[in-house]
Amino acid sequence: MNSNKKTARIAGVLYLFVGIFGGFAEGFVDPKMYVAGNAAATAANVIANPGLIRMGVVAHLLDGTFFVFLAMTLYSLLHQVNKSVARAMLILVALATGIICLNAVFQFEALRVATDGTYAAAFGTAGSHALVLLLLDAQHYGTLIAQVFFGLWLIPLGYLGLKSGLFPRWLSLVLILGGVCYLVDLLTAFLVPDFGQIIHPFIITPSAIAEISMVLYLLVIGVRAEKPVEPVQRGGSLSEKS
């Protein structure tokens, strides 16, 4: 049990780093740079903040790195429950991480296009600005696509937590709900984008609650303590039999 608690707390620290670096990159840097449908404004943001873009790229890469180590740590904690489900969790995280790292390439290339006069000379100012927007468009929608795996990995994690008994039942169920909400948010963003923008703040809330709760539980408690099993006495007490 002490070993499980230690492993869980290591996972909590890694999950916290995922939240910090991912939140900085996706919650602060990306929205500050990207203006959908406005090439001039997007390029101007990139040109004015080259250092912030570089920090965002590094944050994306660190986010992906810690995400992989988080999944490996949780696998070591939960694989005895169901190896197939635990492996599925690892694969989903690996896919999400691959997309995150690829998106960072698009963001870095947008910085190079915006700040290298070669592209403006070749395509004109408007053309280079349009190319910057295209690269950040690719990053933006790539992040949305990665959300498939951000959501799907929470479902096997919740299932393993539920079956193992290492986490409270409510937390495991909230993780599964959070994974489903990620998927619903993604589908509405692509299929009915206007409606998706309306429901986004509401549909993403259970996902945020699930992940924050998991981080806090891992850091503060680790795993649930196992209750000792008392021996069953049949036909009277042990003292009577002796």
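Structural remarks
- Within the full protein context, the accessible area of residue 211 is estimated at about 40 Å² for a probe radius of 1.4 Å.
- In order along the stretch 210-218, the Karplus-derived 3J(HN,Hα) couplings, from 6.51 cos²θ - 1.76 cosθ + 1.60 at θ = phi - 60°, round to 4, 6, 5, 4, 5, 4, 5, 5, 4 Hz, and Gly and Pro are given as x.
- The label point for residue 219 and the one for residue 141, both projected 7 Å from the Cα toward the Cβ, are 3.7 nm apart.
- Overall dimensions of the stretch 67-160, expressed as equivalent-ellipsoid semi-axes from the Cα gyration tensor (√(5λ), whole Å, largest first), are 40, 11, 6.
- With Cα atoms as the point set, the stretch 109-214 shows a radius of gyration and Dmax of 19.4, 62 Å.
- Taking every C-alpha pair closer than 8 Å and separated by at least 6 residues, the mean separation divided by the residue count of the chain gives a relative contact order of 23 percent.
- Between 0 and 90°, nearest 10: helix 50-78 axis offset from the chain longest Cα axis: 20
- Angle in degrees between helix 39-48 and the longest Cα principal axis of the chain, rounded to the nearest 10: 80
- For the pair residue 81 and residue 16 in one chain, pulling the backbone fully straight at 0.36 nm per residue adds 21.0 nm over the alpha carbon distance.
- Karplus-derived HN-Hα couplings along the stretch 98-103 (A = 6.51, B = -1.76, C = 1.60, θ = phi - 60°), whole Hz, x at Gly and Pro: x, 5, 4, 5, 5, 4
- Rounded accessible area per residue of the chain, 1.4 Å, Å²: 52
- Between helix 2-24 and the chain: long-axis angle, C-alpha atoms, 0 to 90°, nearest 10: 20
- The stretch between residue 28 and residue 173 holds 49.3 nm of extra length on full extension. This uses 0.36 nm per residue minus the Cα-Cα distance.
- Apportionment of accessible area to carbon and sulfur, the chain, percent (1.4 Å): 68
- Here the stretch 37-96 is treated as a sphere whose radius is the Kirkwood value from Cα pairs; by Stokes-Einstein at 10 °C and 1.306 mPa s it diffuses with a coefficient of 114 µm²/s.
- Percent of C-alpha pairs per 10 Å bin, the chain, short to long: 8, 27, 28, 18, 10, 5, 2, 1, 1, 0
The values are calculated or read from the model by the stated rules, or taken from the named source; none is laboratory data. Bear in mind that the values here come from a model prediction, so they are computed numbers and not experimental data. Don't worry about glycine lacking a Cβ; one is built from the backbone with ideal geometry, like all the others, and counts go over all protein chains shown. Just so you know, the surface numbers come from the protein's heavy atoms only, side chains and all, with ligands and any DNA or RNA stripped out. Shrake-Rupley method; radii C 1.70, N 1.55, O 1.52, S 1.80 Å.
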